[in-house]
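The structure appears right after this line, and notes come after that.
The values are calculated or read from the model by the stated rules, or taken from the named source; none is laboratory data. What you see is a predicted model; the values in this text were computed from it and never measured. Quick reminder, even Gly has a Cβ in these numbers, built from the backbone with ideal geometry, and neighbours come from all protein chains shown. Heavy atoms of the whole protein, side chains included, go into the accessibility calculation; ligands, DNA and RNA do not. Shrake-Rupley method; radii C 1.70, N 1.55, O 1.52, S 1.80 Å.
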Amino acid sequence: MSNPVIKQPKAAKRPRFSIRARLKSFRYAWDGMREFFAWQHNAIIHAVATLVVIVLGILTKLHSMEWIFISIVTGLVWMAELFNTAIEKLCDLVSPGFNPKVKFIKDVAAAAVLVSAIIAAITGLIIFIPKLL
(Lines give C-alpha, C1' and ligand atoms only; values in the text may rest on other atoms or scores of the structure.)
Protein backbone atom coordinates (compact mmCIF):
# COMPACT_ATOMS: atom_id res chain seq x y z
CA MET A 1 0.00 0.00 0.00
CA SER A 2 1.22 3.43 -0.80
CA ASN A 3 0.95 6.32 1.55
CA PRO A 4 -1.27 9.05 0.23
CA VAL A 5 0.39 12.40 -0.08
CA ILE A 6 -1.23 14.85 2.25
CA LYS A 7 -1.24 18.30 0.78
CA GLN A 8 -0.75 21.09 3.23
CA PRO A 9 -3.07 24.01 2.74
CA LYS A 10 -1.46 27.21 1.57
CA ALA A 11 -0.61 29.41 4.47
CA ALA A 12 -3.00 32.28 4.67
CA LYS A 13 -1.43 35.69 4.49
CA ARG A 14 -1.18 37.18 7.90
CA PRO A 15 -3.14 40.41 8.03
CA ARG A 16 -1.09 43.51 8.66
CA PHE A 17 -1.57 45.37 11.88
CA SER A 18 -3.83 48.34 11.40
CA ILE A 19 -4.66 51.07 13.89
CA ARG A 20 -7.82 51.79 11.90
CA ALA A 21 -8.96 48.14 12.23
CA ARG A 22 -8.23 48.16 15.98
CA LEU A 23 -10.22 51.37 16.44
CA LYS A 24 -13.07 49.85 14.44
CA SER A 25 -13.13 46.85 16.77
CA PHE A 26 -13.54 49.20 19.74
CA ARG A 27 -16.44 50.84 17.95
CA TYR A 28 -18.11 47.44 17.57
CA ALA A 29 -17.65 46.80 21.27
CA TRP A 30 -19.18 50.18 22.17
CA ASP A 31 -22.05 49.46 19.77
CA GLY A 32 -22.64 46.22 21.64
CA MET A 33 -22.57 48.00 24.99
CA ARG A 34 -25.05 50.65 23.75
CA GLU A 35 -27.41 47.94 22.46
CA PHE A 36 -27.03 46.02 25.71
CA PHE A 37 -28.12 49.05 27.75
CA ALA A 38 -30.91 49.92 25.32
CA TRP A 39 -32.55 46.49 25.40
CA GLN A 40 -31.56 44.75 28.63
CA HIS A 41 -33.31 45.97 31.75
CA ASN A 42 -30.93 44.01 33.94
CA ALA A 43 -28.14 46.27 32.68
CA ILE A 44 -29.76 49.21 34.47
CA ILE A 45 -30.03 47.18 37.68
CA HIS A 46 -26.35 46.21 37.43
CA ALA A 47 -25.37 49.82 36.69
CA VAL A 48 -27.23 51.11 39.75
CA ALA A 49 -25.71 48.38 41.93
CA THR A 50 -22.25 49.20 40.57
CA LEU A 51 -22.71 52.91 41.32
CA VAL A 52 -23.93 52.15 44.85
CA VAL A 53 -20.89 49.96 45.48
CA ILE A 54 -18.52 52.63 44.12
CA VAL A 55 -20.08 55.36 46.27
CA LEU A 56 -20.07 53.07 49.33
CA GLY A 57 -16.44 52.20 48.64
CA ILE A 58 -15.48 55.87 48.47
CA LEU A 59 -17.42 56.71 51.64
CA THR A 60 -15.92 53.82 53.60
CA LYS A 61 -12.43 54.50 52.20
CA LEU A 62 -11.72 51.03 50.87
CA HIS A 63 -8.10 49.95 50.76
CA SER A 64 -6.55 49.10 47.41
CA MET A 65 -6.87 45.34 47.96
CA GLU A 66 -10.55 45.74 48.80
CA TRP A 67 -11.04 47.79 45.61
CA ILE A 68 -9.35 45.03 43.65
CA PHE A 69 -11.74 42.40 45.03
CA ILE A 70 -14.78 44.63 44.44
CA SER A 71 -13.59 45.38 40.89
CA ILE A 72 -13.05 41.71 40.08
CA VAL A 73 -16.43 40.50 41.32
CA THR A 74 -18.25 43.46 39.78
CA GLY A 75 -16.52 42.82 36.47
CA LEU A 76 -17.44 39.14 36.66
CA VAL A 77 -21.12 40.01 37.10
CA TRP A 78 -20.99 42.37 34.11
CA MET A 79 -19.21 39.78 31.98
CA ALA A 80 -21.67 37.06 32.95
CA GLU A 81 -24.62 39.31 32.07
CA LEU A 82 -23.09 40.27 28.72
CA PHE A 83 -22.35 36.63 27.84
CA ASN A 84 -25.83 35.62 29.00
CA THR A 85 -27.38 38.24 26.73
CA ALA A 86 -25.28 37.09 23.76
CA ILE A 87 -26.20 33.45 24.39
CA GLU A 88 -29.90 34.29 24.67
CA LYS A 89 -29.87 36.32 21.44
CA LEU A 90 -28.02 33.56 19.60
CA CYS A 91 -30.48 30.95 20.87
CA ASP A 92 -33.42 33.11 19.73
CA LEU A 93 -31.84 33.44 16.31
CA VAL A 94 -31.14 29.73 15.91
CA SER A 95 -34.40 28.51 17.43
CA PRO A 96 -37.14 31.17 17.43
CA GLY A 97 -39.88 28.89 18.80
CA PHE A 98 -39.93 27.05 22.10
CA ASN A 99 -37.30 24.36 22.31
CA PRO A 100 -36.60 22.53 25.60
CA LYS A 101 -32.89 22.24 24.73
CA VAL A 102 -32.67 26.00 24.12
CA LYS A 103 -34.54 26.62 27.38
CA PHE A 104 -31.91 24.56 29.19
CA ILE A 105 -29.09 26.59 27.57
CA LYS A 106 -30.74 29.88 28.48
CA ASP A 107 -31.46 28.75 32.03
CA VAL A 108 -27.85 27.67 32.57
CA ALA A 109 -26.55 30.97 31.16
CA ALA A 110 -28.90 32.86 33.50
CA ALA A 111 -27.71 30.69 36.39
CA ALA A 112 -24.13 31.81 35.65
CA VAL A 113 -25.24 35.41 36.16
CA LEU A 114 -26.98 34.46 39.40
CA VAL A 115 -23.90 32.64 40.72
CA SER A 116 -21.63 35.59 39.86
CA ALA A 117 -24.08 38.02 41.53
CA ILE A 118 -24.22 35.88 44.69
CA ILE A 119 -20.42 35.73 44.85
CA ALA A 120 -20.26 39.50 44.36
CA ALA A 121 -22.84 40.06 47.09
CA ILE A 122 -20.99 37.81 49.53
CA THR A 123 -17.71 39.59 48.74
CA GLY A 124 -19.40 42.95 49.25
CA LEU A 125 -20.87 41.86 52.57
CA ILE A 126 -17.50 40.59 53.80
CA ILE A 127 -15.86 43.89 52.88
CA PHE A 128 -18.59 46.38 53.84
CA ILE A 129 -20.25 44.94 56.97
CA PRO A 130 -17.22 45.49 59.25
CA LYS A 131 -16.86 49.05 57.92
CA LEU A 132 -20.52 49.88 58.48
CA LEU A 133 -20.76 48.42 62.02
task = Could you tell me which numbered condition E35 fails, if it satisfies all but one of (1) open to solvent by less than 40 Å² (accessible area, probe 1.4 Å); (2) among the acidic types (D, E); (3) modelled with pLDDT under 95?
result = (1)
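W78: in contact with a helix residue (DSSP H, G or I) (Cβ under 9 Å, 6 or more places away or on another chain), loosely packed, with under 13 Cβ neighbours inside 10 Å and farther than 16 Å from L125 by Cβ, yes or no? Don't jump to the end; show me each part of the working.
Values: in contact with a helix residue (DSSP H, G or I) (Cβ under 9 Å, 6 or more places away or on another chain): yes; loosely packed, with under 13 Cβ neighbours inside 10 Å: no; farther than 16 Å from L125 by Cβ: yes.
No.
For V115, state whether it is under 30 Å from L133 (Cα atoms) and in contact (Cβ under 8 Å) with a residue 40 or more places away in the chain.
Numbers: under 30 Å from L133 (Cα atoms): yes; in contact (Cβ under 8 Å) with a residue 40 or more places away in the chain: no.
Here the answer is no, as V115 does not meet what is asked.
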ask   = Got a sec? Which of I54, I87, I68, I45 is open to solvent by 90 Å² or more (accessible area, probe 1.4 Å), at negative phi and out of contact with any Phe, Trp or Tyr (no Cβ under 6 Å at 6 or more places or on another chain)?
value = I45
key: Evaluation of V113 against (1) surrounded by fewer than 15 Cβ atoms within 10 Å (Cβ to Cβ); (2) under 15 Å from the mean Cα position of the chain (by Cα) (one fails), failing number   = (1)
